[in-house]
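Below is one structure, written out as structure tokens, with a few remarks after it.
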Amino acid sequence: MMDLPIWDMRRGDYDDNRSSPYGGGLRSAILSAVLEFNYLKAPIVFLFLIMGPALLVGIVPSVISTFGNLMFHTATLAGTRLFVALGLFAVLAAAALWLGRPLLTIAFDNFRHLHYSLVFPIFVAVREILRSLIEKFAGRSTTPQQLARRRRICTVLAALLFAGGGLILALTVEISTGLKLRNVERIQMLPTIKATLGNAAVIVGLSTIFESLYWLWRELTMTGPVLDWVPAASHAALSTVRIAHLSDLHLVGERYGCRMESGTRGPRGNQSFANALRRLSAIHAQTPLDHILVTGDVTDAGTRAEWAEFIDILQTYPALRDRFSFVPGNHDISIVDRTNPARLDLPWSAGQALRKLRFILALDEVQGNRARIFDRASGTLGPSLSNYLREDNRMELLRSLAERGAMRGRWEITKVWDAIFPLVEPPPSEDGCGVILLDSNAPSHFALTNAIGVVNPSQMKVLKSVLRNSPRSAWIILLHHQVVEYPVASISSLRDRIGLALVNAPDVLAAIAPHAARVMVLHGHRHRDWTGNCGDVLLCSAPSVSLGSDDYLGSFHLHELARGSDSIQLTATQNVRVQDASMMEMPDAVDIVVRHHEPAA
Ligand SMILES: [Fe+2]
Ligand SMILES: [Fe+2]
């Protein structure tokens with residue numbers, strides 16, 4: 001009787017399906033989320049992330065108006081003539097503006113935050129719903145050109161709808177500039193808050209109109225549809241660059257650990273990554289690789305055990321580690337709790353700070369001496385990441401975060417995170433090929449928005465500056481989120497198209513487009529194998545090393561690039577499949593199948 005085991009615990013059990021949309025079913029996941037949701041924490045998070053920024057944005061018109069009145073009144077009371085009073089007012093206003101810069105900066109940052117967390121995602125949702133509807137009716141036989149045209153029409157429609165919505169909001173809510181801020185005793189808290197929120201709504205409404213017109217303009221000026229990659233006639237190459245592109249390793253911290261997405265239906269443990277490295281090592285021994293690039297979701301939930309696994313597996317291949325570069329994915333920094341999707345993060349929580357710290361520690365260990373910080377003050381490349389992390393008392397502060405979750409350490413990690421991205425690995429020579437590493441994760445504090453992406457304006461500025469100031473260099477740009485929707489009509493993945501979107505993707509594309517001939521963009525996130533172009537920009541989407549659509553057999557890309565005098569060209573690409581032993585239940589018999597990527601004719 002004992003010969004027949006009741007259950008093999010190494011296969012995982014129902015507990016491993018708590019976060020998987022495929023494992024436990026959507027209804028059970030929603031019910032569990034409602035029960036596990038922290039109804040005390042939620043209003044606190046809402047207050048800090050939505051109400052706080054809205055109040056700060058809404059109070060600015062009143063502060064400016066009150067202060068302006070006060071200045072003008074003082075100047076005219078002094079018995080001066082009108083033009084002298086106006087001059088004095090201008091000087092005082094300029095001084096006040098200069099002194100009040102921190103308030104304006106905070107208000108502007110909060111305004112931006114509102115746009116990234118509310119306005120942009122809603123716009124993307126409207127656009128993608130329209131696109132899905134039109135694609136559903138058009139059918140799957142549509143050509144990429146027709147698809148691009150229809151998608152463009154949907155963006156225009158979404159922008160017009162949004163501009164209309166913004167206009168209605170701005171017209172229906174009354175703006176108040178007085179609020180009687182001059183007389184503190186007469187300030188009534190509730191009416192003031194109500195008026196301030198009304199102001200914020202008007203500002204968001206008006207800015208939405210401008211944003212929508214801007215998106216409209218971006219869409220209309222964007223050139224070329226999204227097409228599958230076709231090998232072009234090769235030019236004379238000065239050199240060849242060989243890269244491996246891996247993505248979405250989703251490493252787990254336990255030998256038999258399941259992944260959040262696939263639950264018990266997916267692979268267990270980290271055999272896929274080990275296999276991929278073994279295969280890469282053989283490839284590298286035969287024909288050396290220049291770079292091994294990983295576009296995020298290195299870990300499944302950014303835990304310490306997962307990062308330790310990554311470092312341990314990688315350190316057995318020093319030659320590969322020296323060429324290894326990676327960017328953060330949403331799973332590395334935005335998963336609050338892998339066993340409880342309903343859990344919220346407070347914005348200042350130790351959890352998020354620690355996930356960022358772990359990522360930086362891994363970066364420091366693997367590519368700290370190669371990756372450089374961009375010095376925003378001088379507009380040039382600054383120190384290496386390793387040197388930067390050891391400057392001043394930064395190391396002590398980061399240690400205090402790791403040891404005791406110290407508040408000063410949490411504050412420091414936020415500053416470090418903002419300062420280091422995009423990291424830059426400069427080319428070996430001026431006409432060589434370098435790597436730019438972007439962080440494309442939108443700030444997120446709970447499961448629903450964890451996968452949304454944005455490249456913030458500070459990184460956009462650096463990206464443009466690096467591309468502009470290195471006219472002879474070629475660049476591989478790494479980010480986690482996809483820049484364009486794939487050129488296939490799709491009705492089933494609406495959730496992915498909204499929930500996984502890079503909300504300012506057209507801006508990223510527009511920043512890269514002028515330098516397209518010498519740039520290649522690599523991303524992951526959607527776990528899809530695709531190589532193509534948008535206009536002249538070459539884009540490569542790597543599948544997941546661990547999670548594939550066909551029985552979770554992951555794979556990675558091998559690319560060969562020809563470096564011309566002022567261009568870089570993809571000349572050959574392969575998809576290398578990694579057969580996962582744990583899934584196949586053959587712990588020792590591991591094999592890897594190599595197949596050539598057949599580009600569309
Ligand atoms: Fe992923
Ligand atoms: Fe992802």
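Indicate the gyration tensor shape class of segment 204-344 (rounded, prolate or oblate), computed on the Cα atoms with a ≥ b ≥ c the square roots of the eigenvalues: a/c under 1.5 is rounded; otherwise a/b larger than b/c is prolate and the rest oblate. All intermediate terms of the calculation are to be shown ahead of the outcome.
Numbers: a/c = 2.58, a/b = 1.14, b/c = 2.26.
Oblate shape, in that a/c is at least 1.5 and b/c is the bigger or equal ratio.
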Inset, instruction - Amide H neighbours of Gly296 under 5 Å, at least 5 residues apart or on other chains, H built in the peptide plane: list them. - result: Asp248, Val327
Legend entry - Derived scalar couplings ³J(HN,Hα) [segment 473-489; Karplus, 6.51 cos²θ - 1.76 cosθ + 1.60; whole Hz; x for Gly, Pro]: 8, 9, 9, 9, 9, 10, 8, 7, 8, 6, 8, 9, 6, 5, x, 10, 5
Inset, instruction - With a Förster radius of 45 Å, plug the Cβ-Cβ distance of Arg394 and Ile6 into 1/(1 + (r/R0)^6) and report the FRET value to the nearest 0.05. - result: 0.25
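Ordering Arg372, Arg242 by accessible area with a probe of 1.4 Å, largest first, what comes out?
Per-residue accessible area, sorted high to low, gives Arg372, Arg242.
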Inset, instruction - Grab every C-alpha pair in the chain, bin the distances at 20 angstrom width from 0 up to the longest one, and report whole percents. - result: 18, 51, 26, 5, 0, 0
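For Leu206 and Thr221, calculate 0.36 nm times their separation in residues minus their Cα-Cα distance, and state this gained length in nm to one decimal.
Values: separation 15, 0.36 × 15 = 5.40 nm, distance 2.30 nm.
The span from Leu206 to Thr221 would gain 3.1 nm if fully extended.
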Legend entry - Pairwise label distance in nanometres, Arg404 with Lys194, each label 7 Å out on the Cα-Cβ vector: 4.7
Inset, instruction - Would you compute the Debye intensity of segment 238-583 from its alpha-carbon atoms alone, equal scatterers and no solvent, and pass along log10 I(q)/I(0) at q = 0.09, 0.13 Å⁻¹ to two decimals? - result: -0.44, -0.98
Legend entry - Label point distance in nm, Asp418-Leu31, each placed 7 Å from Cα along Cα→Cβ: 4.4
Inset, instruction - Enumerate the amide H contacts of Ser239 below 5 Å, restricted to partners 5 or more residues apart or on another chain; note that Pro and chain-start residues carry no placed amide H. - result: Arg563
Inset, instruction - Hydropathy first: keep DSSP H helices in the chain averaging at least -0.5 on Kyte-Doolittle, then drop any whose Cα extent along the axis falls short of 30 Å, and list what survives. - result: 52-77, 144-172, 189-221
Legend entry - Gain on full stretching of the segment that runs from Asp375 to Ser141 - 0.36 nm per residue minus C-alpha separation: 79.3 nm
Legend entry - Cα-centre dipole for the chain with unit charges at Cβ (Lys and Arg positive, Asp and Glu negative), debye to 20: 1740
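Measuring with a 1.4 Å probe in the full set of protein chains, what accessible area per residue, in whole Å², belongs to segment 238-583? List each step's numbers first, then the result.
Working: 11990 Å² over 346 residues.
Each residue of segment 238-583 exposes 35 Å² on average to a 1.4 Å probe.
Per 0.36 nm of contour for each residue apart, how much would the distance between Leu47 and Ile129 grow if the chain were fully extended, relative to their Cα-Cα spacing?
So the extension gain works out to 26.6 nm.
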Legend entry - Spacing of the two label points (7 Å from each Cα toward its C-beta) at Lys464 and Arg112, in nm: 1.3
Inset, instruction - May I ask you to evaluate 6.51 cos²θ - 1.76 cosθ + 1.60, the Karplus curve with θ = phi - 60°, for each residue of segment 369-375 and list the ³J(HN,Hα) values in order in whole Hz, giving x for glycine and proline? - result: 8, 8, 7, 10, 8, 8, 7
Legend entry - Neighbourhood net charge (11 Å Cβ-Cβ; Lys/Arg +1, Asp/Glu -1) for Gln146: +3
Inset, instruction - Return the long-range amide H neighbours of Leu381 (sequence gap of 5 or more, or a different chain), with a cut-off of under 5 Å between placed amide H atoms. - result: Asp375
Inset, instruction - For the pairs Lys415/Lys464; Lys136/Lys461; Lys415/Lys461, note any where the Cα-Cα span goes beyond 27 Å. - result: Lys136/Lys461
Inset, instruction - Would you kindly derive the ³J(HN,Hα) couplings of segment 288-298 from the backbone phi angles with the Karplus curve 6.51 cos²θ - 1.76 cosθ + 1.60 (θ = phi - 60°), listing them in order in whole Hz, with x for Gly and Pro? - result: x, 8, 7, 9, 10, 10, 10, 9, x, 6, 5
Inset, instruction - Set the Förster distance to 60 Å, then compute FRET efficiency between Asn38 and Leu86 from the Cβ-Cβ distance, nearest 0.05. - result: 0.65
Inset, instruction - Calculate how many DSSP beta bridges within the chain are antiparallel, expressed in % of all such bridges and rounded to the nearest 5. - result: 60
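Given DSSP loops and a limit of at most 10 other Cβ atoms within 10 Å, what is the longest stretch of the chain that contains no such chymotrypsin sites (Phe, Trp or Tyr not before Pro)? Don't skip to the answer; put the middle values down first.
On the way: sites that count: Trp7, Tyr39.
By the stated rule (loop sites, at most 10 other Cβ atoms within 10 Å), 40-601.
What's the longest uninterrupted piece of the chain once you rule out the GluC sites (Glu not before Pro) that are loop residues per DSSP with at most 16 other Cβ within 10 Å?
1-173
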Inset, instruction - Using Cα pairs closer than 8 Å and at least 6 residues apart in sequence, work out the relative contact order for the chain, in percent. - result: 17
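How large, in percent, is the carbon and sulfur part of the accessible surface of segment 238-583 at a probe radius of 1.4 Å?
Heavy-atom surface of segment 238-583 belonging to carbon and sulfur, 1.4 Å probe: 50 percent.
The values are calculated or read from the model by the stated rules, or taken from the named source; none is laboratory data. Just so it is clear, the structure is predicted and the values come from calculations on it, not from any experiment. Because the Cβ atoms are built from the backbone with ideal geometry, glycine has one as well, and the counts that use them run over all protein chains shown. Please note that ligands, DNA and RNA were not included when accessible areas were found on the heavy atoms of the full protein model with its side chains. Shrake-Rupley method; radii C 1.70, N 1.55, O 1.52, S 1.80 Å.
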